[in-house]
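The values are calculated or read from the model by the stated rules, or taken from the named source; none is laboratory data. Predicted model, so just to flag it, every value in this text is computed and none were measured. Cβ sites come from the backbone with ideal geometry, for glycine too, and all protein chains shown count toward neighbours.
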Amino acid sequence: MFMNQKSIWIKTPLAVFADNSEGGVVVKDKKIIELVAKGQMPTANIDQIYDASDSVLLPGLINTHHHFYQTLTRAYPDALNQDLFPWLKSLYKVWAHIRPEMHAVATELALAELLLSGCTTASDHHYLFPSQLENAIDIQVEQASKIGMRVVLTRGSMSLGEKDGGLPPQSVVQTDDQIMQDSERLIKTYHQYDDGAMVQIALAPCSPFSVTTELMKATAELAKQSNVRLHTHLAETIDEENFCLQKFGMRTVDYLESVGWLSSRTWLAHGIHFNKEEVKKLGQANVGICHCPTSNMMLSSGICHNLELEKAGCDIGIGVDGSASNDGSNMIAEVRQAMYLQRLRYGASKVTHQHAYTWATKGSAKLLGRSDIGEIAVGKQADLALFKLDEMRFSGSHDALAALLLCGAQKADRVMIAGQWRVVDGKIMDLDEAELIHRHKKSAYELRQLARA
Ligand SMILES: [Zn+2]
């Protein structure tokens, strides 16, 4: 890949979410090499200057939970206005028909949407491997490298089908052996362990109600041996808690502990329905929690206890969740949702815009086990998002950093990943948006036809 050896000074932003960097930041190769204090000049040699005086500068946003394939079933008629379990049941039978080319375009579109909203690292939770889609993760690796985004792709799994008392139909479940073999293959083939990794693999059984106890245990073992992260959905709804009690005779966190998952290697999507002892247990184990506010409102699942979990020792990150329960992949808009939903629980003075930005950057990075991203600081990867306040929605605003969230920013003007501009003037480099939408819509239509046949 072409590498920019030149140093670039992103000069005097309107506002910046970092300390002592009102004068901007200097980037060289893939990293941030200097923060420039107010009124100062860089000490490094500067080859290029980018005048950021009309932009708010944020660390690249990090999305820690998604299901890219779901962009094909947004606002799907059979799934409208339902709670989680019936919603899932109506959609599983549609998703069972996804073909490789549909998955490729769904991934491409989800990544493009995220990138345009200031996201530089995206995690996807893919757990659907019907016989025609066994290479789902390989397809995603290819799409991510094409668009130049950093990804943490989680090899999901479902092994408990309807006939064994699980929720998904048999056609989308695999055997424990198939799942473990493919998980090993993917880690060996794609996982990068080094600083600045562009592709990482994590292991992610869909949820306690869709895999066997043996698979949960074997997955935790393999993750430990291979030093990769663990991810799953947990405590999203009360239905799930009841399922755990009925099937395993335990509440969700006790079950997690019993299968060897209560560790700092684990991050959970949602994490809503925990009692006080469970919050304490999760905190002591330093488990990460991905807050997905829009999805939780859409499916009426509840509100995550972000502040108690944080106080107990959990890291908190943000996720847009899959596009059948959001149904958009707009990361900056999700940061706003997180701030507002959490205010409903804790009050306005307890949840500031700085809080929300921290969850979506440094907090999300911790969930992915990364210390090289999520912050504007010397030595970190040069993953940056710049937003202009030139739309009507911002006119009359006085605090630029707060305005991004309060006025409802939707789109980044520029995005840099590993020192390379990937978005310029609100457009993704080398990508024809209209052509992508055309291909994606066609795939979504074909999927619906297949599901109805
Ligand atoms: Zn999800």
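Below are the figures for this structure:
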read-out	value
Any hit, the stretch 63-85, residues being in contact with a helix residue (DSSP H, G or I) (Cβ under 9 Å, 6 or more places away or on another chain), closer than 20 Å to Ala382 by Cβ and within 16 Å of the ligand (Cβ to nearest atom)	yes
Exclusive hit being on the phi > 0 side of the Ramachandran plot and at pLDDT below 95, set Ser323, Ser300	Ser300
Pairs, first under 13 Å from Leu128 (Cα atoms) and at pLDDT 95 or above in the stretch 88-112, second of a type in the set (S, T, N, Q) and surrounded by fewer than 19 Cβ atoms within 10 Å (Cβ to Cβ), C-beta under 7 Å, six or more apart	Arg99/Gln132; Pro100/Gln132; Pro100/Asn135
Residues of the stretch 64-114 satisfying the condition of being polar (S, T, N, Q), assigned to a loop (DSSP other than H, G, I, E, B) and under 27 Å from Ala360 (Cα atoms)	Thr64
Residues of the stretch 194-228 that turn out to be within 16 Å of the ligand (Cβ to nearest atom) and not hydrophobic (A, V, I, L, M, F, W, C), as a count	4
Any pair with Cβ under 6 angstrom, 6 or more apart, that starts in the stretch 42-57 at a residue that is under 15 Å from Gly419 (Cβ atoms) and ends at one that is of a type in the set (D, E, K, R) and buried (at least 16 other Cβ atoms within 10 Å of the Cβ)	Ala44/Glu34
Matching residues, the stretch 278-321, being more than 16 Å from the ligand (Cβ to nearest atom) and out of contact with any helix residue (DSSP H, G or I) (no Cβ under 7 Å at 6 or more places or on another chain)	Gln284, Ala285, Asn286, Val287, Glu310, Lys311
Residue check for Gly196: touching a residue at least 60 places away in the same chain (Cβ under 8 Å), buried (at least 20 other Cβ atoms within 10 Å of the Cβ) and on the phi > 0 side of the Ramachandran plot	no
Any hit, the stretch 139-162, residues being more than 18 Å from Val320 (Cα to Cα), assigned to a strand (DSSP E or B) and touching a residue at least 60 places away in the same chain (Cβ under 8 Å)	yes
Hits in the stretch 70-112 (condition: touching a Phe, Trp or Tyr at 6+ places or on another chain (Cβ under 6 Å) and not β-branched (Val, Ile, Thr))	Ala79, His103, Ala106, Ala110
Residue tally, condition buried (at least 24 other Cβ atoms within 10 Å of the Cβ) and of a type outside the set (Asp, Glu), over the stretch 231-247	5
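Conditions (1) over 24 Å from Asp239 (Cα atoms); (2) not aromatic (Phe, Trp, Tyr), marked per residue:
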{"site": "Ser301", "(1), (2)": "no, yes"}
{"site": "Leu309", "(1), (2)": "no, yes"}
{"site": "Gly328", "(1), (2)": "yes, yes"}
{"site": "Ile332", "(1), (2)": "yes, yes"}
{"site": "Gln342", "(1), (2)": "no, yes"}
{"site": "Tyr346", "(1), (2)": "yes, no"}
{"site": "Ser349", "(1), (2)": "yes, yes"}
